[in-house]
1. Just a yes or no: is a residue in segment 52-64 at pLDDT 95 or above and closer than 28 Å to Gly241 by Cβ?
2. When you go through (1) open to solvent by 60 Å² or more (accessible area, probe 1.4 Å); (2) at pLDDT 85 or above; (3) outside any loop (DSSP other than H, G, I, E, B) one by one for Leu311, which number turns out not to apply?
3. Let me confirm something: among Arg208, Arg242, which residue is open to solvent by less than 30 Å² (accessible area, probe 1.4 Å), modelled with pLDDT of 90 or more and under 22 Å from Asp99 (Cβ atoms)?
4. So, restricting to helices (runs of 4 or more DSSP H) that lie completely within segment 1-80, which ones have at least 2 residues that are without any contact (Cβ under 8 Å) to a residue 24 or more places away in the chain and either within 13 Å of Ser195 (Cβ to Cβ) or β-branched (Val, Ile, Thr) (or both)?
5. Please name all residue pairs, on different chains or six or more residues apart, with Cβ atoms under 8 Å, provided the first residue is in segment 256-282 and is of a type in the set (S, T, N, Q) and the second residue is open to solvent by 40 Å² or more (accessible area, probe 1.4 Å).
6. Looking at segment 105-121 only, could you name the residues that are of a type in the set (A, V, I, L, M) and part of a strand (DSSP E or B)?
7. Look at segment 220-239 and say how many of its residues are surrounded by fewer than 18 Cβ atoms within 10 Å (Cβ to Cβ) and aliphatic (A, V, I, L, M).
8. If I filter segment 160-181 for residues that are in a helix (DSSP H, G or I) and basic (Lys, Arg), do I get at least one hit?
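The values are calculated or read from the model by the stated rules, or taken from the named source; none is laboratory data. If you're wondering where the values come from, they're calculated on a predicted model, not measured in any experiment. So basically every Cβ, Gly included, is an ideal-geometry build from the backbone, and we count neighbours across all protein chains shown. Note: accessible area is taken over every heavy atom of the protein model, side chains too, but ligands, DNA and RNA are not part of it. Shrake-Rupley method; radii C 1.70, N 1.55, O 1.52, S 1.80 Å.
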Amino acid sequence: MHSADHAWLVLSKAGLRHSDLAQLLERFGSAEGVVSASRSDLPESVRDAILKPDEAAIARDLEWQQADGHHLLHPDSADYPELMRQITDAPTLLYVVGDCAVLNLPSLAIVGSRNPTRGGIQNAYEFAKHLAGCGFVIVSGLAQGIDTAAHNGALAGNAMTVAVLGHGIDRVYPAVNRALAHRIAAAGALVSEYSLGSPPRKEHFPQRNRLISALSLGTLVVEAARQSGSLITARLSSEQGREVFAIPGSIHNPMSRGCHRLIREGAKLVESAEDIVNELGSLTGHLMQNAKSDPAAKGSAPLDADYESLLDVLGFDPVTAEQLAERSGLTIAQVSSMLLILELEGRIETQSGGRYSQLRTR
């Protein structure tokens, strides 16, 4: 009998259409059932692909998985991203380097031009840093320009970030971001649906964009020309039922035209990070409850021990997330996520200068 990982690797390399794969899984009950089926039971068009897989390539993937921090996620995996399950063309397999758990935390995609203005880079960096401090995982695509600024902003906030790649996860593109990719893997995750060794082909990146939006509660477009891959991500985000945000800019800046177009088409105009926090707050709380598999506090219901301990450390005098992390012994990423939930529950309030204080509600 094939293992689940081996079976899903066979199916992922068979090049099946999503509709065909869904039919096979429904008929045979599992990935193992499909790859163990008799030749006569399989559709002629996929027989050889399923029954004569590239075992050498599968063995390489399984060996790759044995390394520390390397993961193969398929729909039967507990860590497969819940939001990604909701899209019609969810990937059969995900290659992940880093922490799988980050893929099920409240996330925001930040995308934009590869050739942004200096102001665009600054906006992406500052929005990412602030939103990461509010508890969002920042998702982007590791490209030069806005993507790079967004990843760096999240990392500057000592928070988590995810890079979705348009090539095999054993490669880094562009090469100039090699060091950044290593930092992301250590403070979040690198993710790809492409087999090891897959080069960065032009057609991969629009496909990659659907995963950036699928992992996220919403997508923020910082700067984009009229014809831009970022607009593809925004469109996919809308089609997937996610929120789309755009930062307006000067009418004289060509990099603002894509954002202005999105706003005309219904994207939410963003002037501050709070605009996004306010819009996604309720969705964030719902996702956190699912991720924790814990009926987290609603209204006046009691919080779990970790949150109560953080409130005790917080007190009623304004302090920063960094100070809380030092006092509590938690990481800044853990503190940031917990602060966002506590704010949504009405237990704390945000003060000026990125500080927090407890409300007298207990």
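1. Among the residues of segment 52-64, not one is at pLDDT 95 or above and closer than 28 Å to Gly241 by Cβ, which makes the answer no.
2. Failed condition: (1).
3. Only one candidate qualifies: Arg208.
4. Answer list for segment 1-80: 55-65.
5. Final answer for the pair search is Ser256/Pro248; Ser256/Ser250; Ser282/Leu344.
6. If the condition is that a residue be of a type in the set (A, V, I, L, M) and part of a strand (DSSP E or B), then Leu108, Ala109, Ile110, Val111 are the ones that fit.
7. Qualifying residue count, segment 220-239: 0.
8. Within segment 160-181, the first condition is being in a helix (DSSP H, G or I), and the residues that meet it are 175-181.
Going one step further and asking which of them are basic (Lys, Arg), we end up with 178.
Yes - at least one qualifying residue is present in segment 160-181.
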